[in-house]
Amino acid sequence: MNRFDYDIAESLDAAIQAQDGGSVYKAGGMDLLDLMKEGVLQPGRVVSLHRVPDLAVIEVREDGLRIGALATLADLGRNEALRARYGALHTAAAHAATPQVRERATLGGNLCQRPRCWYYRNIEFNCLKKGGGTCYAYDGENQYHAIFGVGPCYIVHPSNCAPALVAMDAVFHLQGKNGAREVPARDFFVSPRERLDAENVLAPDEALTHVHVPVRPEQSATIELREKQSFDWPLVIASVARVQGRWRVCLGAVAPVPWVAEAAEALLEDKEITPELAAEAGEAAADGANPMSGNAYKVKLVKTAVKRALLRASGEEARA
Amino acid sequence: MTWQPDNRVALENDGARLEIVDKITGKAKYTTDYYPEGMLWAGYLRCPYGKARLRGADIDAARAIPGVLEAEITREEGRYAGERMGHVCAESREALERARRAVAMQWDIETPSIDLTRARTPFEEVADPPNQPRIARALGGATYIHEQEYETQVQTHTCLEPHIGLVDYRGDHALAWGSTQGTFSFRNELAEALDLSPDAVEFNCEHVGGGFGSKFGMGAEGELAARMSKKYGRPCRVGLDRKEEHLDAGLRPGSRQYMRAGVNAEGELQAARIHTWGSVGFSGGGGGVSNPGRYRFGIVGKSHEDVHLNSGFPRAMRSPGHPQGMFAVELFLDEVAAALDIDPIDIRRANDRDDVRKAMLDAGAGLIGWERRQPNGAGAGTLKRGFGIGVADWMNMPGAATVDLDLFPNGAVEVRSGAQDIGTGFRTLLADCVASVLGAPRDRIKAKVGRSSYPPGPASGGSVTSRFAAPKAMGAARRAREALLELVAEEWGVAPDALDIAGGRVTGPGQTMDWAEACGLIPEDRLAFRVNDNDEFWRPPTSSQTVQFVELTVDVETGIVRVEKVVALQEVGLPVNRHACENQITGGVIQGLSFALFENRLLSRHNGAMLNPNMDMYKIAGPADVPEIVTVLWRSQEDPAVNSLGEPPVIPTPGAIACAVYNAIGVPVRSLPITPDKVLAALDEKGAQA
């Protein structure tokens, strides 16, 4: 790890002002420290957001949901109102990583963490994302890589919580030196075709401060499929939500961004879920999948995860 | 007069691990916790790629970092990712890290050889074994011949406490610490490296965070620490970080296993042709596979090839060669059973050579609910249930150890062995052996281990530590008991053999004396005993038998395997401490499960670097992956000695899981780890055939 300055900001304004060219924000540090230990990131200054007031707020109201970026996944998991009304997000937060990690990991960190691609994470590979000329995953070990929206870089977005927030039409609040702005969750994440060095629209000095879900979904659910049940990155995430009657379907861990399954949404519209419809929507969600040598199995997982998420959200979940 | 160890005390002793509070509170000091004054930090410069030639490096930049004492590059050709190319020695960890980065080694990367299947000699080109004609004749008379190939992956050691050595050379003597499975082997290698007499090296490994075969000698870590300490006359530590631990601290080699065997109508194996390949480093060996094993295969022709790859080296890993071999053997047997329509238990009965295991098969079948097992792939629904069996054994031979025991007038008991407690509970075993035989209260017994100044004991390999040392601890306790009873008998004016001690109380005709009072009769500073013979506490060599049953589910829409229950029947001889015994068994099951379903060292086909050299991408079973584990401490002998327990419980689990997956989905997955992609591919293949 490189030598760096550590700045504990007492206010959001101070945190933003402390940003210079070589700085990064630190929330829980779960992702940042790993990247620094490997030398993938070598920031000159780390600005901690921990003491910034109001960033850990969780407000579950009738007219919507407001969560600060520094709310921990454990706090979200313990929130009964969230469990009852925003099941898709609750499941994603409450089952990520391990209990120990969740006590430290934040919602903001979960949304802004860097990809878990092993070519990106290891310094032995000067991959596209790090400014090199090659994506090693394309003809390499790609069992955990993207099946949608692929190229030129084949990462998957690793966030557990992002698909749920996209499905629930959340709005992200950002703040930087040029002031505050609001970005719909669907537009927050950017594909490698637009930008290789980052996975979202944040400017270097900008911080994600709050997440707002303006309309409470009538129904929602998340299904994560993982190899291991403890401390593992999902192979596929499916988050579904019914917002003002219409179904939203967003996938995680299958594309460089949280992947909106448009064909499934078009099929579902505002229909009541039946087992047959859920299965059809699962098939539709796999539309356009373009797997590589080692990850075709994820196509089947997408179909299963979407089907099961719809059945769970609609109370139709029938256990095999 | 002779005493048997109090089996009742031993069996029913549920006492906690002696050092448990120290470990939980952090009071227990591991090597990494020692910071002697003036300590230097040294570490290796490594080749990051599988096959590469050093084109350039800025060694002067490394030397220019403040606090760097020396930086050297001694090799130019890297043959595996993690190979040691040189070293840096510095005043601080930060200077060491900065120097390692500043060297900025540049490489010409060649295509590494990392694929066992590509690099091996194809079976068609392997020479026939000398008994091939006999095998062919026997197979000619077989009712059914089965032929298959099996595959296992590389499992890295990645010890929870990474490899580390800390040496403080002081001219005529040295102090040293290390994480090791062999107090005396580490000490002896250090002494040689420092050109000191072994008695001039005081070595300490009181607490060790895991060692499964990769920590016998001082290793590259102790070697560099010794060299730098001697050169600079200051203490020096060399410890691996997690990435180095994955790359260069040893592994269970990968395997391919070809099997062709024939059975008669009763399912009895008649003959087998078996060839195995093991993946090893760029030179040397260590890739052996224990296939066949445990069952009677009839006439066997076995051959093996160690295949050299641009990979780290195998190091013995908890029953080396056995879990991978028995995975193939058990699954092969179940495939034969299915072809003949025989129950997996019956085909094992027909071919097992051990009567104890046959009894265990019956008991285990009852405990797992074998009657609920359906024919392979016959279950309804999405979540398919499967059952499987694995077996193993381990030899019990006696060996050398010495144990000291001191009995003090205030009632304190101290038992000492220089052998190490690598996490197995060796301290606890010593104390409980003494409690059983001496009759002392357990809370008055202190056990000290893991220092070279204590009496010699074995390195922990081959599951020997307990079985070598326990008879000596019991013998020392017996002598202490005799001496104490003589003192009490004299005090009471009765014959010693009229007296007894149990639970810290001496009883005789019509009177009793408590422990402290009895020990108060000791006329000297202490009574001291040293025992290095087995006395009456050893039994003729035996083998410890193992049978495991697995129940699991496979989700056929996701390929995800969840192990629900493992029944682990384990012969342990005399089980000294129930917690410690069960701990060994459950630990073996979990490690076997982790190998069967998750762990997999992956190398890049582009440059041979390891893709998952950390603890989140290198997948190890976590709490939610651990099933209900029912342990059964099996007693087949009337009056057994303490037997092997470390290695046997890890052997059957992968095979039992593979068999249960086969039972669940009706198609075998012949490659470990059994991940969702392989399960789904096997189901697709089955669907295509149907």
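The values are calculated or read from the model by the stated rules, or taken from the named source; none is laboratory data. As the structure is a prediction and not an experimental result, all values here were calculated from the model. All Cβ positions, even for glycine, are placed from backbone atoms using ideal geometry, and neighbour counts span all protein chains on display. Side chains are part of the model used for accessible areas, which takes the heavy atoms of the whole protein and leaves out ligands, DNA and RNA. Shrake-Rupley method; radii C 1.70, N 1.55, O 1.52, S 1.80 Å.
Given the options B:Gly288, B:Gly388, B:Gly369, name the one that is touching a residue at least 12 places away in the same chain (Cβ under 8 Å), under 25 Å from the mean Cα position of the chain (by Cα) and open to solvent by less than 10 Å² (accessible area, probe 1.4 Å). Can you show your working first?
Numbers: B:Gly288 fails: open to solvent by less than 10 Å² (accessible area, probe 1.4 Å); B:Gly369 fails: under 25 Å from the mean Cα position of the chain (by Cα).
None of the others qualify; the one that does is B:Gly388.
Would you mind stating whether B:Ile620 is assigned to a loop (DSSP other than H, G, I, E, B) and out of contact with any His (no Cβ under 9 Å at 6 or more places or on another chain)? Quick ask: steps written out before the conclusion?
Numbers: assigned to a loop (DSSP other than H, G, I, E, B): yes; out of contact with any His (no Cβ under 9 Å at 6 or more places or on another chain): yes.
The answer is yes for B:Ile620.
I'm trying to understand the selection: among the residues of segment B:565-600, which are at pLDDT below 95 and part of a loop (DSSP other than H, G, I, E, B)?
Passing the criteria: B:Val572, B:Leu574, B:Pro575, B:Val576, B:Asn577.
One line per residue, one yes/no per condition, for (1) within 14 Å of another protein chain (Cβ to nearest Cβ); (2) open to solvent by 40 Å² or more (accessible area, probe 1.4 Å):
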| site | (1), (2) |
| --- | --- |
| A:Gly21 | no, yes |
| A:Tyr25 | no, yes |
| A:Asp31 | yes, no |
| A:Val52 | no, no |
| A:Val57 | no, no |
| A:Asn79 | no, no |
| A:Gly109 | no, no |
| A:Pro115 | yes, no |
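Taking strands (runs of 3 or more DSSP E) that do not extend beyond segment B:113-213, which have at least 1 residues that are touching a Pro at 6+ places or on another chain (Cβ under 7 Å) and buried (at least 23 other Cβ atoms within 10 Å of the Cβ)? Give the derivation first.
Values: elements: B:144-152, B:164-169, B:174-178, B:201-204.
Counting at least 1 such residues, we get B:164-169.
For B:Gly608, indicate whether it is open to solvent by 10 Å² or more (accessible area, probe 1.4 Å), more than 30 Å from B:Gly399 (Cα to Cα) and of a type in the set (Gly, Ala, Ser). Even if it seems obvious, please write down each step before you answer.
Working: open to solvent by 10 Å² or more (accessible area, probe 1.4 Å): no; more than 30 Å from B:Gly399 (Cα to Cα): yes; of a type in the set (Gly, Ala, Ser): yes.
So B:Gly608 does not fit the description; no.
Starting from segment B:490-513, keep only residues that are of a type in the set (Gly, Ala, Ser), then list their pairs with residues that are open to solvent by 50 Å² or more (accessible area, probe 1.4 Å) and in a strand (DSSP E or B) whose Cβ atoms are within a distance under 8 Å, requiring at least 6 positions of separation or different chains.
So the pair list comes out as B:Gly504/B:Asp514; B:Gly508/B:Asp500.
Is it fair to say B:Gly399 is surrounded by fewer than 24 Cβ atoms within 10 Å (Cβ to Cβ) and modelled with pLDDT under 95? Step through it out loud before you land on a result.
Working: surrounded by fewer than 24 Cβ atoms within 10 Å (Cβ to Cβ): yes; modelled with pLDDT under 95: yes.
Spelling it out, B:Gly399 is indeed surrounded by fewer than 24 Cβ atoms within 10 Å (Cβ to Cβ) and modelled with pLDDT under 95.
Can you pull out every residue in segment A:286-320 that is open to solvent by less than 70 Å² (accessible area, probe 1.4 Å), over 25 Å from A:Ala84 (Cα atoms), part of a helix (DSSP H, G or I) and touching an Asp or Glu at 6+ places or on another chain (Cβ under 9 Å)? If you could, list the steps in order and put the result at the bottom.
Narrowing segment A:286-320 to residues open to solvent by less than 70 Å² (accessible area, probe 1.4 Å): A:286, A:288-289, A:291-292, A:294-299, A:301-311, A:313-315, A:320.
With the extra rule that they be over 25 Å from A:Ala84 (Cα atoms), the set shrinks to A:286, A:288-289, A:291-292, A:294-299, A:301-303.
This time we only want the ones that are part of a helix (DSSP H, G or I), so: A:297-299, A:301-303.
Within segment A:286-320, A:Tyr297, A:Lys298, A:Leu301, A:Lys303 meet the criteria.
Can you work out which of the residues in segment B:84-108 that are open to solvent by 60 Å² or more (accessible area, probe 1.4 Å) and under 19 Å from B:Arg234 (Cβ atoms) is nearest to the other protein chains (Cβ to nearest Cβ)?
By that ranking, first place goes to B:Glu94.
Suppose we filter B:Asn612, B:Asn583 for residues that are out of contact with any Asp or Glu (no Cβ under 8 Å at 6 or more places or on another chain) and within 13 Å of chain A (Cβ to nearest Cβ); which single one remains? Don't jump to the end; show me each part of the working.
On the way: B:Asn583 fails: within 13 Å of chain A (Cβ to nearest Cβ).
After ruling out the rest, the residue left standing is B:Asn612.
One residue is enough: does segment B:446-464 have a residue meeting the conditions within 20 Å of B:Leu521 (Cα to Cα), surrounded by fewer than 24 Cβ atoms within 10 Å (Cβ to Cβ) and more than 21 Å from the chain's Cα centre (by Cα)? Working first, answer last.
Residues of segment B:446-464 that are within 20 Å of B:Leu521 (Cα to Cα), as a first pass: none.
No: zero hits.
Counting only residues that are farther than 18 Å from B:Gly222 by Cα, give me the strands (runs of 3 or more DSSP E) lying completely in segment B:24-81 with at least 1 of them. Give the steps one after another, and end with the answer.
Working: elements: B:40-46, B:52-56, B:68-73.
Counting at least 1 such residues, we get B:52-56, B:68-73.
Give A:Arg102, A:Arg121 a once-over and let me know the one that is buried (at least 19 other Cβ atoms within 10 Å of the Cβ), of a type in the set (Lys, Arg), closer than 23 Å to A:Pro163 by Cβ and at the interface with chain B (Cβ under 10 Å from one of its Cβ atoms).
On the way: A:Arg102 fails: at the interface with chain B (Cβ under 10 Å from one of its Cβ atoms).
Testing whether each residue is buried (at least 19 other Cβ atoms within 10 Å of the Cβ), of a type in the set (Lys, Arg), closer than 23 Å to A:Pro163 by Cβ and at the interface with chain B (Cβ under 10 Å from one of its Cβ atoms) leaves just A:Arg121.
Considering only residues that are open to solvent by less than 60 Å² (accessible area, probe 1.4 Å), under 34 Å from the mean Cα position of the chain (by Cα), modelled with pLDDT of 95 or more and among the charged types (D, E, K, R), which ones fall in segment B:508-564?
Selection gives B:Glu551, B:Asp555.
Look at B:Asp555 and say whether it is over 29 Å from B:Gly587 (Cα atoms) and in contact (Cβ under 8 Å) with a residue 24 or more places away in the chain. Let's see the steps before the verdict.
Working: over 29 Å from B:Gly587 (Cα atoms): no; in contact (Cβ under 8 Å) with a residue 24 or more places away in the chain: yes.
Here the answer is no, as B:Asp555 does not meet what is asked.
Spot the failing condition for B:Val238; the list is (1) open to solvent by less than 20 Å² (accessible area, probe 1.4 Å); (2) part of a helix (DSSP H, G or I); (3) within 23 Å of B:Ser92 (Cβ to Cβ), and only one is missed.
(2)
Can you confirm whether B:Val567 is in contact with a strand residue (DSSP E or B) (Cβ under 6 Å, 6 or more places away or on another chain) and among the hydrophobic types (A, V, I, L, M, F, W, C)? If you could, list the steps in order and put the result at the bottom.
Details: in contact with a strand residue (DSSP E or B) (Cβ under 6 Å, 6 or more places away or on another chain): yes; among the hydrophobic types (A, V, I, L, M, F, W, C): yes.
Considered against the rule, which asks whether it is in contact with a strand residue (DSSP E or B) (Cβ under 6 Å, 6 or more places away or on another chain) and among the hydrophobic types (A, V, I, L, M, F, W, C), B:Val567 comes out as yes.
Scan segment A:174-200 residue by residue and report those that are open to solvent by 40 Å² or more (accessible area, probe 1.4 Å) and without any contact (Cβ under 8 Å) to a residue 40 or more places away in the chain. Write out each step before concluding.
Going residue by residue through segment A:174-200, those that are open to solvent by 40 Å² or more (accessible area, probe 1.4 Å) are A:175, A:177-178, A:180-182, A:184, A:186-187, A:193-197.
Within segment A:174-200, A:Asn178, A:Ala180, A:Arg181, A:Glu182, A:Pro184, A:Asp187, A:Glu194, A:Arg195 meet the criteria.
Within the bounds of segment B:494-502, is there any residue that is touching a Lys or Arg at 6+ places or on another chain (Cβ under 7 Å) and surrounded by 14 or more Cβ atoms within 10 Å (Cβ to Cβ)?
yes
What residue, among those in segment B:648-673 that are in contact with a strand residue (DSSP E or B) (Cβ under 6 Å, 6 or more places away or on another chain) and not in a helix (DSSP H, G or I), is surrounded by the fewest Cβ atoms within 10 Å (Cβ to Cβ)?
Filtering first and then ranking leaves B:Ser671.
Identify, please: which residue in segment A:2-19 is within 14 Å of chain B (Cβ to nearest Cβ) and touching a residue at least 40 places away in the same chain (Cβ under 8 Å) and is, among those, least open to solvent (accessible area, probe 1.4 Å)? Walk me through how you get there before you give the answer.
So the first thing to find is which residues in segment A:2-19 are within 14 Å of chain B (Cβ to nearest Cβ), and the list is A:2-4.
If we keep only those that are touching a residue at least 40 places away in the same chain (Cβ under 8 Å) too, we end up with A:2, A:4.
Numbers: A:Asn2: 22, A:Phe4: 68 Å².
Result: A:Asn2.
Mind listing whichever residues of segment B:365-390 are closer than 22 Å to B:Asp555 by Cβ, more than 14 Å from chain A (Cβ to nearest Cβ) and not hydrophobic (A, V, I, L, M, F, W, C)?
Within segment B:365-390, the subset closer than 22 Å to B:Asp555 by Cβ is B:368-369, B:372-388.
Keeping just the survivors that are more than 14 Å from chain A (Cβ to nearest Cβ) gives B:368-369, B:372-378, B:386-388.
B:Gly369, B:Arg372, B:Arg373, B:Gln374, B:Pro375, B:Asn376, B:Gly377, B:Gly386, B:Gly388 - these are the residues of segment B:365-390 that are closer than 22 Å to B:Asp555 by Cβ, more than 14 Å from chain A (Cβ to nearest Cβ) and not hydrophobic (A, V, I, L, M, F, W, C).
When only residues in segment B:34-69 that are surrounded by 18 or more Cβ atoms within 10 Å (Cβ to Cβ), over 23 Å from B:Arg242 (Cβ atoms) and in contact (Cβ under 8 Å) with a residue 60 or more places away in the chain count, which is nearest to the other protein chains (Cβ to nearest Cβ)?
B:Lys51
Residues that are modelled with pLDDT of 95 or more and touching a Leu at 6+ places or on another chain (Cβ under 7 Å), at least 2 per element: which strands (runs of 3 or more DSSP E) completely within segment A:141-238 meet that?
A:171-176, A:179-184, A:207-213
Just one of (1) without any contact (Cβ under 8 Å) to a residue 40 or more places away in the chain; (2) charged (D, E, K, R); (3) in contact with a strand residue (DSSP E or B) (Cβ under 7 Å, 6 or more places away or on another chain) trips up A:Arg216, so point out which.
The number of the failed condition is (1).
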